[in-house]
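Data block below; observations after.
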Amino acid sequence: MNRLKILQIIIIAVALSIIARLFYWQFLANIPSQSSSYSQEIKLPASRGQIFASDNFPLATNQEAFLIYAKPKEIDKESDLAKKIAPFLISEKYATAGANLLEEQKKQKETEIGKKEEEITQKIKNKNLLWVQIGRKVPKNIKNILDELKIKGLGFERDEKRFYPEASMAAHLLGFVGSDKFGDDTGYFGLEGFFDEKLKGKSGKLGLDKDPFGFPILVSKYRTVEPKEGESLILTIDRTIQYIVEQKLKAATEKYGAKQGTVIVSQPQTGQILAMATYPSYDPNLFTEFNEKDYKNPAVADTYEPGSTFKLITIAAALDTAVVSPQTKCEVCSGPRQIGGYEISTWNKKYYPNSTITEVIQHSDNVGMTFVAEKLGTDKLFDYIQKFGFDKNTGIELQEETTGVIRDKEQWRQIDLATASFGQGLAVTPIQMVQTVQTIANGGKQIPPRLVKAVIEKDKQKPVKQPAEKQLISQKTAAQITEMMVNAVENGEARAFKPKGYRIAGKTGTAQIPLAGHYDPEKTIASFVGFAPAQNPRFVMLVRFTEPSSSIFGSETAAPTFFEIAKEIFSYLAISPKDN
Amino acid sequence: MLKKDFKLAKKENFNVGGKIHVRVLVAVTTVLTFLIFAQLVFANNLAIDGQKLSQVEEEIKNLQAENTALKVEIAKASSFTTLSQQANDLGFMKPSKVTVF
């Protein structure tokens with residue numbers, strides 16, 4: 001055999017052995033965990049879009065956070081590790097300095113730490129696991145502390161966490177970000193819920209081959225899909241007005257001993273919401289620490305019997321169809337009335353025979369309203385209730401918006417027409433009432449309420465299209481109701497609280513709460529809705545208290561709060577009495 | 001042709017064939033050596049580039065994280081909640097009466 005043949009045999013033998021080895025690695029060797037680490041597809045999370053107030057201040061932004069994991073195989077004493085890290089992984093509400101915590105809170109903190117220690121120990125006990133998650137969305141300062149402890153077997157993975165710099169301010173409006181069943185960030189309630197798909201963007205994919213040192217091998221495809229950052233929102237919310245409203249609302253809710261208070265402020269000409277607040281509120285940064293019942297925004301999700309504020313709708317329908325005029329005299333106002341077996345009386349048992357329709361509104365006279373309702377009839381009143389949109393959503397960009405509760409017209413009896421005329425026997429949402437009063441303030445043109453002014457996509461700001469306006473009632477009718485509302489403020493029960501020099505249009509409402517088939521006289525929803533200045537409205541506002549205890553009446557609770565907030569808005573928007 | 005001449009011719013033919021084989025082998029070996037060397041250089045460059053890319057990406061991530069942290073700090077410091085608390089602590093008070101001229 002010559003040397004050439006020997007060389008050929010060696011080359012073939014080497015080639016065969018390489019093929020055999022490759023065959024072994026490819027098909028026979030069982031190394032799942034190692035092989036996956038060389039070639040993998042990594043999800044690239046997209047940054048969630050931010051939510052800005054109208055002054056471009058971020059009401060919802062993102063902050064750096066970390067996922068903390070442990071490798072059980074590398075940990076010698078589970079309890080030691082758990083003891084070291086547990087105090088840092090309990091709720092952030094205990095993050096205040098120890099001295100600032102009350103005795104009870106200190107005890108709670110100790111219990112929480114104990115529970116966390118137990119949980120961590122259990123997690124890392126299983127030595128068969130390669131990796132266990134210890135904590136999610138851990139803030140950077142905590143990660144730094146844990147990093148300095150140099151604990152063997154503990155690792156960190158970079159992540160993002162939603163952060164609300166103004167804490168509980170506008171919480172009901174914003175909603176919050178939690179996790180869905182797959183552990184992915186998801187927006188719940190408010191704007192976070194409504195715009196979840198837009199805000200979350202689209203995560204990308206990284207098709208990646210790595211060498212044994214973990215560095216990417218560049219011969220294969222590298223980035224397969226780039227992540228698409230979420231869109232950001234610019235709201236119509238005026239941060240200063242929102243702050244004023246929240247401060248005043250908190251003080252008033254506590255002062256009047258109400259279970260809950262809600263305020264909405266809007267701009268009638270555009271439908272833009274300037275402020276929307278409810279007290280008690282919650283901190284979306286720590287939403288898990290609050291009762292789930294607090295998450296829904298009562299301004300759009302609560303239905304209530306509006307009481308006397310609904311008289312505005314009945315009067316609007318009656319004036320618009322010309323069945324009455326502001327000077328029409330009430331022919332049945334001399335005393336209580338019996339309708340369908342029920343007695344209809346006034347709230348203070350005072351009666352004003354032959355009062356005009358303007359005076360009926362001024363005295364908030366239920367008997368006078370039954371007179372108007374009878375002139376109007378069920379068909380017309382029902383038509384206007386539908387025209388004003390009480391049977392449908394306003395379309396405001398909040399996830400939990402609900403519609404009012406209006407029974408079918410066929411079910412209305414004579415007594416239903418009578419009670420509906422003064423706002424009982426039907427239910428509306430606060431935002432629907434604001435939309436209606438906006439229409440009156442806007443010369444009869446209805447513009448649906450809106451919260452988002454512009455959307456930022458790829459650093460480009462796009463204004464959101466204004467919703468179409470609709471002439472719902474005539475300008476004349478709107479002007480007549482405005483004058484009646486001004487008269488109600490000037491001469492009504494709440495006149496003592498009104499800021500001097502300003503013409504404010506408004507209407508009080510006190511509705512008993514229906515409980516188990518009857519009305520509880522001690523439990524009411526007190527409200528006040530209006531706008532100012534009356535002739536050139538700059539804002540519409542609704543104030544509503546649930547079960548105020550110091551007084552059950554809207555004129556003694558909601559109206560003074562309306563005027564308190566209005567005074568501050570006058571100063572802030574530089575509205576002088578001359579602007580009337 | 002004589003038997004002797006035939007053997008000589010065969011030997012010469014073989015020498016020519018052998019020379020060609022050797023040349024081909026040398027050429028193939030040279031090309032293979034060059035390719036192996038090129039592969040080594042290429043793989044080495046890739047490994048270095050991968051490492052560099054990894055470093056650059058890490059740097060980008062760190063800068064982005066720092067940027068986010070600073071934005072959050074600014075938002076925290078300029079929030080109304082913080083500002084009103086500071087104003088309170090410094091003894092600022094709201095005007096008790098606003099006069100409009």
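Within segment A:125-159, the only residue that satisfies the criterion of being on the phi > 0 side of the Ramachandran plot and open to solvent by 80 Å² or more (accessible area, probe 1.4 Å) is A:Lys150. Here the condition is being more than 14 Å from chain B (Cβ to nearest Cβ), more than 26 Å from A:Glu92 (Cβ to Cβ) and at pLDDT below 90; of A:Gly207, A:Gly183, A:Gly153, it holds for A:Gly207 alone.
Please verify whether A:Ser17 is more than 14 Å from chain B (Cβ to nearest Cβ), modelled with pLDDT under 90 and under 56 Å from the mean Cα position of the chain (by Cα), treating the condition exactly as stated. In short, no. Take the conditions touching a residue at least 12 places away in the same chain (Cβ under 8 Å), surrounded by 20 or more Cβ atoms within 10 Å (Cβ to Cβ) and either within 25 Å of A:Ile273 (Cα to Cα) or in the same structural domain as A:Pro306 (by the TED database) (or both) and apply them to A:Ala427. Does it pass? In short, yes.
Across segment A:63-105, which residue is farthest from A:Asn141 (Cα to Cα) among those that are at pLDDT 80 or above and of a type in the set (Lys, Arg)? Of everything passing the filter in segment A:63-105, A:Lys73 is farthest from A:Asn141 (Cα to Cα). Of all residues in segment A:453-475, count the ones that are surrounded by 13 or more Cβ atoms within 10 Å (Cβ to Cβ) and not in a loop (DSSP other than H, G, I, E, B). The number of residues fulfilling the criteria is 7. Is at least one residue of segment A:56-73 among the aromatic types (Phe, Trp, Tyr), within 14 Å of another protein chain (Cβ to nearest Cβ) and in a loop (DSSP other than H, G, I, E, B)? Yes, because at least one residue in segment A:56-73 is among the aromatic types (Phe, Trp, Tyr), within 14 Å of another protein chain (Cβ to nearest Cβ) and in a loop (DSSP other than H, G, I, E, B). Against the numbered list (1) open to solvent by less than 20 Å² (accessible area, probe 1.4 Å); (2) aliphatic (A, V, I, L, M); (3) within 14 Å of chain B (Cβ to nearest Cβ); (4) under 21 Å from A:Ile552 (Cα atoms), A:Ile241 comes up short only at (4).
Out of curiosity, is B:Lys71 surrounded by 11 or more Cβ atoms within 10 Å (Cβ to Cβ) and at negative phi? Yes, satisfied.
Among the residues of segment A:168-180, those identified as within 14 Å of chain B (Cβ to nearest Cβ) and open to solvent by less than 30 Å² (accessible area, probe 1.4 Å) are A:Met169, A:Ala170, A:Ala171, A:Leu174. Scanning segment A:503-510 turns up at least one residue that is touching a residue at least 12 places away in the same chain (Cβ under 8 Å), at negative phi and out of contact with any Gly (no Cβ under 9 Å at 6 or more places or on another chain). Scan segment A:533-554 for residues that are surrounded by fewer than 24 Cβ atoms within 10 Å (Cβ to Cβ), of a type in the set (Gly, Ala, Ser) and over 23 Å from A:Gln269 (Cα atoms) and report the count. Total meeting the criteria: 3.
Matching residues to (1) open to solvent by 20 Å² or more (accessible area, probe 1.4 Å); (2) touching a strand residue (DSSP E or B) at 6+ places or on another chain (Cβ under 6 Å); (3) assigned by the TED database to the domain that holds A:Val529; (4) not acidic (Asp, Glu):
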site	(1), (2), (3), (4)
A:Ser325	yes, no, yes, yes
A:Glu331	yes, no, yes, no
A:Gly335	no, no, yes, yes
A:Ile339	no, no, yes, yes
A:Lys349	yes, no, yes, yes
A:Tyr352	yes, no, yes, yes
A:Leu381	no, no, yes, yes
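Counting only residues that are at the interface with chain A (Cβ under 9 Å from one of its Cβ atoms) and of a type in the set (Phe, Trp, Tyr), segment B:72-94 holds 1 of them. Scan segment A:502-546 for residues that are modelled with pLDDT under 90 and in a loop (DSSP other than H, G, I, E, B) and the total you get is 2.
Checked against (1) open to solvent by 20 Å² or more (accessible area, probe 1.4 Å); (2) without any contact (Cβ under 8 Å) to a residue 60 or more places away in the chain; (3) under 27 Å from the mean Cα position of the chain (by Cα), A:Asp408 passes all but a single condition, namely (3). In the set (1) closer than 30 Å to A:Asp294 by Cα; (2) surrounded by fewer than 20 Cβ atoms within 10 Å (Cβ to Cβ); (3) in contact (Cβ under 8 Å) with a residue 60 or more places away in the chain, the condition left unmet by A:Lys392 is number (3).
A:Ile385 falls short on exactly one of the conditions (1) open to solvent by 20 Å² or more (accessible area, probe 1.4 Å); (2) in a helix (DSSP H, G or I); (3) at pLDDT 95 or above, and that condition is (1).
In the set A:Gln247, A:Gln272, A:Gln260, only one residue is open to solvent by less than 40 Å² (accessible area, probe 1.4 Å) and either on the phi < 0 side of the Ramachandran plot or touching a residue at least 12 places away in the same chain (Cβ under 8 Å) (or both); that residue is A:Gln272. Across segment A:79-94, the number of residues qualifying as open to solvent by 40 Å² or more (accessible area, probe 1.4 Å) and free of Cβ contacts under 8 Å to residues at least 60 places away in the same chain comes to 5.
The values are calculated or read from the model by the stated rules, or taken from the named source; none is laboratory data. Please read all numbers here as calculations on a predicted model, not as lab measurements. Cβ sites come from the backbone with ideal geometry, for glycine too, and all protein chains shown count toward neighbours. SASA here: full protein model, heavy atoms, side chains in, ligands and nucleic acids out. Shrake-Rupley method; radii C 1.70, N 1.55, O 1.52, S 1.80 Å.
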